[in-house]
1. Pick from segment 20-48 the residues that are among the hydroxyl-bearing types (Ser, Thr, Tyr) and touching an Asp or Glu at 6+ places or on another chain (Cβ under 7 Å): which of them is surrounded by the fewest Cβ atoms within 10 Å (Cβ to Cβ)?
2. Tally time: how many residues in segment 348-388 are outside any loop (DSSP other than H, G, I, E, B), in contact with an Asp or Glu (Cβ under 6 Å, 6 or more places away or on another chain) and within 24 Å of Tyr206 (Cα to Cα)?
3. Looking only at residues in segment 395-410 that are surrounded by fewer than 16 Cβ atoms within 10 Å (Cβ to Cβ) and not in a strand (DSSP E or B), which one is modelled with the lowest pLDDT?
4. Which one is nearest to Leu151 (Cα to Cα), of the residues in segment 8-20 that are touching a residue at least 40 places away in the same chain (Cβ under 8 Å) and out of contact with any Ser or Thr (no Cβ under 9 Å at 6 or more places or on another chain)?
5. So the check is Cβ under 6 Å with 6+ separation or different chains; which pairs have a first residue in segment 440-451 that's over 14 Å from Gly356 (Cα atoms) and at pLDDT below 95 and a second one that's of a type in the set (Ser, Thr, Tyr) and not in a helix (DSSP H, G or I)?
6. Scan Leu306, Leu287, Leu316, Leu271 and give me the residue that is buried (at least 22 other Cβ atoms within 10 Å of the Cβ) and closer than 26 Å to Ala384 by Cβ.
7. Of the residues Thr121, Thr114, Thr99, Thr110, which is surrounded by 20 or more Cβ atoms within 10 Å (Cβ to Cβ), at pLDDT below 95 and not basic (Lys, Arg)?
8. Would you mind finding the one in Thr122, Thr116, Thr99 that is in contact with a Phe, Trp or Tyr (Cβ under 8 Å, 6 or more places away or on another chain) and either assigned to a helix (DSSP H, G or I) or in contact (Cβ under 8 Å) with a residue 24 or more places away in the chain (or both)?
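The values are calculated or read from the model by the stated rules, or taken from the named source; none is laboratory data. Owing to the predicted nature of the structure, the values given are computational and were not obtained by experimental measurement. All Cβ positions, even for glycine, are placed from backbone atoms using ideal geometry, and neighbour counts span all protein chains on display.
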Amino acid sequence: MDWSNFKEARVALLGAGKENLSLVKPLLAAKAALTILEQSSDFALDEQYKGVEVITGSDYLQDLGRFQYLLRSPGFPVAKLKQALKESGASQVICTSATDLFLSMEGHRTIGVTGTKGKGTTAMMIGSILKESGRPYVVAGNIGLPAFEALESCDDQTMIVLELSSFQLEDVNHSPHIAVVLPIYPDHLEPLSKQSPNYHGSVRDYVEAKAKIGLYQKPTDLIIFAGSNEFAAGIAERSSGKKLVVSSEPGAYVRLNNSVVELSNQEKMELSKLGLRGGHFFLDAALAVACAKALNLSKASIEGGLMKFRSLPHRLEVVSRGEGITYVDDSYATTPESAIMALESFSEPLVWIGGGSSKGADFTELAQKIKGKAVGAVLLGQEAPRLSAALHQTGFKGDIVFVSSMEEAVEAASKLLGGAGVVLLSPGCASKDMFKDAAQRGDIFKTAVNEQED
């Protein structure tokens, strides 16, 4: 599919998020008859886009049968779309998305990265290595920059590193040339909020969505995956692409032994000496190394790129080291598994700040890790009672404090620590009960830390 398919066609963008809005210019250039369907009555399109019909409010899904193409925003549930099409008698409408359209046009030069946590970090590491090698590149997708918007600054030689969420992948019919699959754990099993209603009805549905990253690959494509994770390995098995495994096992394409990356040609890299810290960062880096190796990039470029890489905000980000206490913002740890990996990154005395809105998670393993790592726990948000119960079941001997704000959490954690050590915000939960998103939660944590130290 290319832009010529949309010439003089009736096209609807379902949802006015930034990914769909990045399609407005190219669709108008293709002379499509364009309509934007948006539930929020507050939405208004910029005046420069004259001739675009905008339908908002409660009736925005009526009469879908008048369109030839409908492009779904990632936040809009696929099941709800199917029901709306059925009710409209719109069986002939061709449904796609910005992600699928992009992969159909540019998949041949795209490195797609997915997983439950770490996909943004891995994508940025790949980008940093490409930059060091001198290869033109751009990092886009779920990380914040819409793929088609990124394309405006690219030439034909630019490699496109695309972070892909399950909601972007769930209805695609194309896969990237190189797929990178990080560990996958149950996630997004409940709606985050009324503003973010999309979710997966089961773990199987979630994994099936992720599997699309490799499902349509050809034998000339590559899939690089975390071999120790059964879901990632299962996704790779279903791909027709060449399989490159990253694991601790002998014979892996890239072997990760604690913080040492071993390449199949006996070359080694000590990741801790490159400035990286944390077991999950080591795996992210090993997957990025495997991707770079598959692109025939030099060891010098790989090491230089990793050394220049800087952690993304809210991912084990050191906020302050005041008076012997290191405050760490890991607000993007919205699953128990990602919080566990954060806890494993520290050996110092530690107080953990956790809790938030529900994603249907099991806290048993997280509670066991907190028991072994933390001297105290500060809990807030909707899931605080469940987390407290899970900690009590482990026989946790540390203090457990309930708070109602992030400011109270920082103050309580500092008092519980009582000396040198780490205050770690790694919530293990979503943020929608108290905050706009995980980024805002992390920003408020940073502000609270800085105000406390003034």
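1. Start the filter on segment 20-48 by keeping residues that are among the hydroxyl-bearing types (Ser, Thr, Tyr), which leaves 22, 35, 40-41.
Those left that are additionally touching an Asp or Glu at 6+ places or on another chain (Cβ under 7 Å): 22, 35.
Values: Ser22: 20, Thr35: 18.
So, considering only residues that are among the hydroxyl-bearing types (Ser, Thr, Tyr) and touching an Asp or Glu at 6+ places or on another chain (Cβ under 7 Å), the one surrounded by the fewest Cβ atoms within 10 Å (Cβ to Cβ) is Thr35.
2. So the first thing to find is which residues in segment 348-388 are outside any loop (DSSP other than H, G, I, E, B), and the list is 350-354, 357, 364-373, 376-379, 384-388.
If we keep only those that are in contact with an Asp or Glu (Cβ under 6 Å, 6 or more places away or on another chain) as well, we get 357, 376.
Those still in the list that are within 24 Å of Tyr206 (Cα to Cα) too: 357.
Residues that pass the stated criteria total 1.
3. So the residue we want is Lys397.
4. So the first thing to find is which residues in segment 8-20 are touching a residue at least 40 places away in the same chain (Cβ under 8 Å), and the list is 9-20.
From what is left, the residues that are out of contact with any Ser or Thr (no Cβ under 9 Å at 6 or more places or on another chain) are 9, 18.
Working: Ala9: 23, Lys18: 14 Å.
Once the filter is applied, the top-ranked residue is Lys18.
5. Sorted first by the residue in segment 440-451, then by its partner, the pairs are Val449/Ser320; Val449/Tyr327.
6. Working: Leu306 fails: closer than 26 Å to Ala384 by Cβ; Leu287 fails: closer than 26 Å to Ala384 by Cβ; Leu271 fails: closer than 26 Å to Ala384 by Cβ.
After applying the criteria, what remains is Leu316.
7. Of Thr121, Thr114, Thr99, Thr110, the one residue that is surrounded by 20 or more Cβ atoms within 10 Å (Cβ to Cβ), at pLDDT below 95 and not basic (Lys, Arg) is Thr121.
8. Values: Thr122 fails: in contact with a Phe, Trp or Tyr (Cβ under 8 Å, 6 or more places away or on another chain); Thr99 fails: in contact with a Phe, Trp or Tyr (Cβ under 8 Å, 6 or more places away or on another chain).
Being in contact with a Phe, Trp or Tyr (Cβ under 8 Å, 6 or more places away or on another chain) and either assigned to a helix (DSSP H, G or I) or in contact (Cβ under 8 Å) with a residue 24 or more places away in the chain (or both) holds for just one of Thr122, Thr116, Thr99, which is Thr116.
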